[in-house]
Amino acid sequence: MATSPKLDAKVPKGEIDQKWSKYRSTVHLVNPANKRSLEVIIVGSGLAGASAAASLAEMGYKVKVFCFQDSPRRAHSIAAQGGINAAKNYQNDGDSVYRLFYDTIKGGDYRAREGNVHRLAEVSGNIIDQCVAQGVPFAREYGGVLSNRSFGGTQVQRTFYAAGQTGQQLLLGAYSALQRQVGMGAVKLYARHEMLDVVNIDGKCRGIIARDLITGKLERHFGHAVLIASGGYGNVFYLSTNAMGSNVTAAWKAHKKGAFFGNPCYTQIHPTCIPVSGDHQSKLTLMSESLRNDGRIWVPKKAGDTRKPSEIPEEERDYYLERRYPAFGNLVPRDVASRAAKERCDAGFGVGASKLAVYLDFSANMMRYGQIEANKQNIHNPTKEKIRELGMAVVKEKYGNLFDMYKQITGEDPYEIPMRIYPAVHYTMGGLWVDYNLMTTVPGLYALGEANFSDHGANRLGASALMQGLADGYFVIPYTIGDYLSEEIRTKAIATDHEAFVKAEAEVQERINKLMTIKGTKSVDHFHKQLGKIMWDKCGMARNAAGLKQAIEEIKKLREDFWKDVRVTGEANEFNPELEKAGRVADFLELGELMCMDALNRNESCGGHFREEYQTEEGEAKRDDDNFAYVAAWENKGNNAWELHKEELIFENIKIAARSYK
Amino acid sequence: MSHGNMNLTLKVWKQKNKDAKGALETYQVKGISPDMSFLEMFDVLNEQLITEGKDPIAFDHDCREGICGMCSMFINGRPHGPVKGVTTCQLHMRSFKDGDTIVVEPWRSTAFPIVKDLAVDRSAFDRVIAAGGFVSVNTGNAKDANNILINKDDADDAFNAAACIGCGACVATCKNGSAMLFVSAKVSQLALLPQGQIEKEARVLSMVGQMDDEGFGACSVTGACEIECPKGISLENIARMNREFLGANIKSKH
Ligand SMILES: Cc1cc2nc3c(=O)[nH]c(=O)nc-3n(C[C@H](O)[C@H](O)[C@H](O)COP(=O)(O)OP(=O)(O)OC[C@H]3O[C@@H](n4cnc5c(N)ncnc54)[C@H](O)[C@@H]3O)c2cc1C
Ligand code: SF4
Ligand code: FES
């Protein structure tokens, strides 16, 4: 297989551990005076967008930041719970840059680009240093040093955390760095603005069209470069752990204007979420992977067992992850854990009213911690109750907010009864295709964070999205953007009455008018729910060719109905959340089709992409490296037609092997 | 639908935009399940209004798990409703009874103008942070993280202050419309950490200055904010900020 001539990944030559340092010392620079006249637009204020904005503004570029929430601090990154990885080896447990690199490539089932992943591992330590310098209050030990916990898919403890609110603390750190630049006038902030198109001039990206969500007015903004940091598209499934507003629109508009879309079918289904409780459900809530440190997952050995969990004796419980994967046990990667849960439930061993749930049980570890505490406090012969009480306090300190959240949602107390959990859509590894510089196939148009496809292959390891978002924004783009902008110092700011801006704005306006004038009979949510059901049933945890073909037809039909029968209330020139949703769902209705096409094209199973036709006798994913060790990058040909381009993945440093966690 | 059997009367504030005159409107919702969240109950109501061809109610929300700080409903006279320690999105209908009448209004404060219906403009908070809620350290060569050792209790206290979600319930509940709890949470977080020491005087003066400019009221220590804060931000932060402010003020006059 050869890489398409349209996809030059631009990975520097040289030894893997020299590539980035050499690149950094040879990349073109922009002098301070020129930086002041170079303008950069950043769509998104999550970890990727906020860190990029703060860093580029500190360097002297003129920056504009857009987000659709009322404040940049509310970007979806705020909700990340469990932690962020870094190869610091503070625990002296054998961690290294190489090991993080290796774990990430293997965790991604050998479907990521070596050069990018190694760089990610290299800068991971700097991220922690930077965040601590900003005052991010990570968890600490009594000696004052930083604390770590374990996450899935690794055998070292390299995850840094702030209780169950790591994303919040990291984002508030990046947000405060961003606000500092806003205060100094180096960044101009456009909150409650939604980017609705990119503007290309002479083959380069030169700006965006945005809608002021309060007045409904369309605005034109010029930039020498545009960075898309708009997050993931898990909400194509309607129900996911993403925030309600998370959407694909910014990335999709970029795609339609020439940016190839990489591996759209790679979706992460997270094993530990609170199960669906009814049709009214608007979103699903994650119970952080960090809980798998201390919780054991089980189902009854007897199918259809209706006894209370406390009444099921130890020997009648099936700790199926520990049974199937003794080496990693409860800490297998997410794709493996999710499929194993589905397998047990499909076979009739599920628990709870819906039978679509398994137990996540903390009682054993609560007792273990209690015993350790009793020893520490010199309590001799403690009662069982005392041990439990001491252990509960330890668990509370580690996961208190998650336990509270669980109780609030389900009405059950997880300190007393095991949690019931089930897999849910969580993260999208696919996204805009980018090269080593994080540039898409459109010159001057970049993609950062979850919006790009780059580092996680077919499955992301826990605590690696926060790492990647901040790596992209703090440590990668500040260098790589110089490679492009150093050639742009002679480009004067282009006036936004340029015909390309006028045309792009007119197109956006027309689409809005169209949505407003259909005046059909069904709400936007109605269509979104239908789409979500098709995607979950046929392009979810398990996929097969027949189902995917059917899904494509169903989505086409649904899209037609949408454009005939959707009802968008209110006016275009006012604050109108229904109109915002309508535009996003319209884009999901196109993306969904591409995801199914991509899943159908990939005749193998890898990571989160499980094709039922391709599995081992034990039900593990079966890759086909000879034919599918490539990134699928889709070019939009208009009218919902796409052309596939392949970037061959070459493994020079890691031996490609069957992934085993046994 | 997993229909429940609660029927409710809602009186909800409707206001077309910042300058329009608003009023409470009355709606009936039926078939609400106790497992729904308060916002899911609003989803049901809005779906019903759309079907009837009426204007749905605009409200802010995003994460729906109590962390983004976007949701902001004043329910029966209390920000985020009757349950302590939760945001509007985490409030469940099991906290209400069949037949209840529930009054829902937006945050009300001079510093938070209404955008539409229940959505308000809280950008004043962003400007207060921009005035000094940071450590001035550029991206780049920060020293190894474990070179800064921090006493665990201080780290925990700083974390507890940093847990503020910027929702504005403290302002909405305060009869003076004061933002002291919000501002003091950020000042405290950074004052408790070694990284925040160098700028601590400039920070508190600048943030308090901005807070006053934004039109937030003065604090008369009624303590309502602490009671209504969904994240348990404590009044001790206000005491700490007052000490910091006094200290900084004395110094700056020298
Ligand atoms: C519940 C949950 C828990 C998680 N926990 C962890 C964890 O413990 N560890 C980990 O590593 N990862 C975790 N993740 C994943 C991680 O949080 C995300 O992948 C990451 O935060 C994405 O950051 P981002 O900057 O790319 O995008 P986001 O934070 O999603 O930000 C997107 C930004 O783009 C803006 N935007 C989007 N579209 C537009 C538009 N059209 N116009 C203008 N602005 C736009 C939004 O306003 C927002 O500011 C978790 C995810 C979830 C859902
Ligand atoms: S202090 Fe509490 S009430 Fe005030 S903004 Fe922060 S979290 Fe909300
Ligand atoms: S919607 Fe995020 S806190 Fe309520």
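Residue-wise, which Karplus ³J(HN,Hα) couplings in Hz belong to the range A:23-38, taking 6.51 cos²θ - 1.76 cosθ + 1.60, θ = phi - 60°, and x for glycine or proline?
Whole-Hz 3J(HN,Hα) from phi for the range A:23-38: 4, 4, 7, 10, 5, 5, 10, 10, 6, x, 5, 5, 4, 4, 9, 9.
Let me know the mean shielding of A:180-187 by other chains, meaning the per-residue number of their Cβ atoms within 10 Å of its Cβ. Provide the component values of the computation, followed by the final result.
Working: counts 10, 3, 4, 10, 2, 0, 0, 1.
That average works out to 4.
Residue by residue, what Karplus-based ³J(HN,Hα) values in Hz, rounded to whole numbers, does the range A:168-175 have, using 6.51, -1.76 and 1.60 with θ = phi - 60° and x for Gly and Pro?
4, 5, 5, 5, 5, x, 5, 5
Sort all Cα-Cα distances of the range A:42-127 into consecutive 10 angstrom bins from zero, then give the percent of pairs in each bin up to the one containing the longest distance.
15, 32, 35, 17, 1
Just the number, please: percent antiparallel of the DSSP beta bridges in the protein assembly as shown, rounded to the nearest 5. Numbers along the way, then the final one.
Working: 60 of 83 bridges.
Close to 70 percent.
Name the residues whose placed amide hydrogens come within less than 5 Å of the amide hydrogen of B:Trp107, ignoring near sequence neighbours (fewer than 5 apart) on the same chain.
Answer set, sorted by chain and number: B:Phe74.
Label points 7 Å out from Cα along the Cβ direction at A:Glu343 and A:Glu412: separation in nm?
The answer from the label model is 2.4 nm.
Which one, A:Ala112, A:Val568, A:Ser4, projects farthest toward the positive side of the charge dipole computed for chain A from Cβ point charges (K/R +1, D/E -1)?
A:Val568
Modelled label-to-label distance, A:Ala545 and B:Lys143, 7 Å Cα→beta-carbon offset: nm?
A separation of 6.3 nm, rounded to one decimal place.
Taking the Cα centre of chain A as origin, work out the dipole magnitude from +1 charges on Lys and Arg Cβ and -1 charges on Asp and Glu Cβ, in debye rounded to 20.
On the way: 85 positive and 82 negative charges, 128 e Å.
The dipole magnitude comes to about 620 debye.
Set Lys and Arg Cβ to +1 and Asp and Glu Cβ to -1, take the dipole of the range B:122-251 about its Cα centre, and tell me which of B:Phe245, B:Thr173, B:Leu190 lies farthest positive.
Ranked along the dipole, the leading option is B:Phe245.
In nm, give the distance between the simple-model label positions of A:Ile518 and A:Lys376, each being 7 Å from the Cα along the Cα-to-Cβ direction.
The answer from the label model is 5.8 nm.
Using a Förster radius of 22 Å, what is the FRET efficiency between A:Asp561 and B:Thr51 based on their Cβ-Cβ separation? Nearest 0.05, please.
Details: r = 17 Å, r/R0 = 0.75.
Plugging the Cβ-Cβ distance into 1/(1 + (r/R0)^6) gives 0.85.
Can you grab the distance from the C-alpha centre of the range A:446-470 to the C-alpha centre of the range B:27-90, Å, no decimals?
With the range A:446-470 and the range B:27-90 each reduced to a Cα centre, they are spaced 33 Å.
How large is the charge dipole for the range A:498-624, taken about the Cα centre, if only the Cβ atoms of Lys, Arg (+1) and Asp, Glu (-1) carry charge, to the nearest 20 debye? Before the final figure, lay out the partial values.
Values: 21 positive and 26 negative charges, 71 e Å.
It comes to approximately 340 debye.
So what are the range A:278-349's ellipsoid semi-axes, whole angstrom, largest first, if each one is the square root of 5 times an eigenvalue of the alpha-carbon gyration tensor?
Working: eigenvalues 81, 70, 32 Å².
That gives 20, 19, 13 Å for the three semi-axes.
Convex hull volume of the Cα atoms in the range A:271-423, per residue, in Å³? All intermediate terms of the calculation are to be shown ahead of the outcome.
On the way: hull volume 18.4 nm³, N = 153.
In the range A:271-423, the Cα hull volume divided by residue count equals 120 Å³.
Return an integer: the convex hull volume of the alpha-carbon atoms of the range B:122-251, in Å³ per residue. Display every interim value, and only then the final one.
Working: hull volume 14.4 nm³, N = 130.
Taking only Cα atoms, the range B:122-251 has a hull volume of 111 Å³ per residue.
Counting other C-beta atoms within 10 Å, which of A:Val434, A:Val30 has the fewest, and how do the rest follow? Can you show the working numbers first?
Working: A:Val434 29, A:Val30 22.
Listing A:Val434, A:Val30 from fewest to most nearby Cβ atoms yields A:Val30, A:Val434.
Tell me the trypsin sites (Lys or Arg not before Pro) within the range A:149-205 that lie in a loop according to DSSP and have at most 13 other beta-carbon atoms within 10 Å.
Hits after loop and neighbour filter: nothing returned.
Mind running the shape call on the range A:475-632? Use the C-alpha gyration tensor, a ≥ b ≥ c as the square roots of the eigenvalues: rounded below 1.5 for a/c, prolate if a/b tops b/c, oblate otherwise. All intermediate terms of the calculation are to be shown ahead of the outcome.
Values: a/c = 3.00, a/b = 1.22, b/c = 2.46.
Oblate.
Taking the Cβ of each residue in A:Arg99, A:Arg368 as the centre, tally the other Cβ atoms inside 10 Å and list the residues starting with the fewest. Walk me through the intermediate numbers first.
Numbers: A:Arg99 18, A:Arg368 14.
With the fewest neighbours first, A:Arg99, A:Arg368 line up as A:Arg368, A:Arg99.
Report, to the nearest 10°, how far helix A:524-539 tilts away from the longest principal axis of the Cα atoms in chain A, using its own Cα long axis and a range of 0 to 90°.
The angle comes out at about 60 degrees.
What is the Cα centroid distance between the range A:350-407 and the range A:502-543, reported in whole angstrom?
Cα centroid of the range A:350-407 versus Cα centroid of the range A:502-543: 45 Å apart.
So between A:Ser37 and A:Ala353, what do we pick up on full extension, going 0.36 nm a residue minus the alpha carbon distance? Walk me through the numbers before you get to the answer.
Details: separation 316, 0.36 × 316 = 113.76 nm, distance 6.19 nm.
Working it through step by step, the gained length comes to 107.6 nm.
Rg and Dmax in Å for chain B, alpha carbons only: what are they?
In Å, with Rg to one decimal and Dmax whole: 20.6, 69.
Given the options B:Pro106, B:Pro194, B:Pro230, which has the most mean-square fluctuation in a GNM of chain B, springs set between C-alpha atoms less than 10 angstrom apart?
B:Pro194
Report, by chain and number, residues whose modeled amide H sits under 5 Å from the one on A:Val568, excluding near sequence neighbours (fewer than 5 apart, same chain).
A:Lys519, A:Gly520
How high is the FRET efficiency between A:Lys622 and A:Glu322 when r is their beta carbon distance and R₀ equals 35 Å, given to the nearest 0.05?
On the way: r = 24 Å, r/R0 = 0.67.
Approximately 0.90, to the nearest 0.05.
What are the semi-axes of the equivalent ellipsoid for chain A, taken as the square roots of 5 times the Cα gyration tensor eigenvalues, largest first, in whole Å? Please report the intermediate quantities before stating the final value.
Numbers: eigenvalues 306, 169, 123 Å².
In descending order the semi-axes read 39, 29, 25 Å.
Quick one: putting +1 on the C-beta of Lys and Arg, -1 on the C-beta of Asp and Glu, what dipole do you get for the range B:6-105 around its Cα centre, in Debye to the nearest 20?
Values: 12 positive and 14 negative charges, 73 e Å.
The calculation lands at about 360 debye.
Calculate the tail of P(r) for the range A:394-457: the fraction of all Cα-Cα distances greater than 18 Å, expressed in %.
In whole percent, the long-distance tail amounts to 57.
How about the range A:76-163: which chymotrypsin sites (Phe, Trp or Tyr not before Pro) there lie in a loop by DSSP and see at most 12 other Cβ atoms within 10 Å? Write out the running numbers ahead of the final one.
Numbers: sites: A:Tyr90, A:Tyr98, A:Phe101, A:Tyr102, A:Tyr110, A:Phe138, A:Tyr142, A:Phe151, A:Phe160, A:Tyr161; in loops: A:Tyr90, A:Tyr110, A:Phe138, A:Tyr142, A:Phe151, A:Tyr161.
Filter output for the range A:76-163: A:Tyr142.
Which longest run of chain A has no exposed loop site in it, a site being GluC sites (Glu not before Pro) in a DSSP loop with at most 15 other beta carbons within 10 Å, and the site itself not part of the run? It would help to have the intermediate numbers written out before the result.
Details: sites that count: A:Glu15, A:Glu141, A:Glu412, A:Glu416, A:Glu487, A:Glu571, A:Glu612, A:Glu613, A:Glu617, A:Glu618, A:Glu652.
Looking at chain A, A:142-411 is the longest stretch - no exposed GluC sites (Glu not before Pro) with at most 15 other Cβ atoms within 10 Å.
May I have the extent of the alpha carbons of the range B:49-102 along their three principal axes, as whole Å values ordered from largest to smallest?
36, 29, 18
Most exposed first by the Cβ proxy, i.e. fewest other Cβ within 10 Å, how do A:Asp361, A:Asp413 rank? Intermediate results must be reported in sequence, preceding the final value.
Working: A:Asp361 20, A:Asp413 11.
Ascending Cβ contact count within 10 Å gives the list A:Asp413, A:Asp361.
Amide H neighbours of A:Lys188 under 5 Å, at least 5 residues apart or on other chains, H built in the peptide plane: list them.
Long-range HN contacts for A:Lys188: A:Val63, A:Lys64, A:Val65.
In sequence order, what are the phi-derived ³J(HN,Hα) couplings for the range B:233-241 according to the Karplus relation 6.51 cos²θ - 1.76 cosθ + 1.60 with θ = phi - 60°, rounded to whole Hz, with x for glycine and proline?
Working through the residues one at a time gives 5, 9, 4, 3, 5, 5, 4, 5, 5 Hz.
Read-outs throughout are calculated quantities, based only on the coordinates presented, and are distinct from any laboratory measurement. A quick note: this is a predicted structure, and the numbers were derived from the prediction, not measured. No Cβ is skipped: glycine too gets one built from the backbone with ideal geometry, and neighbour counts run over all protein chains shown.
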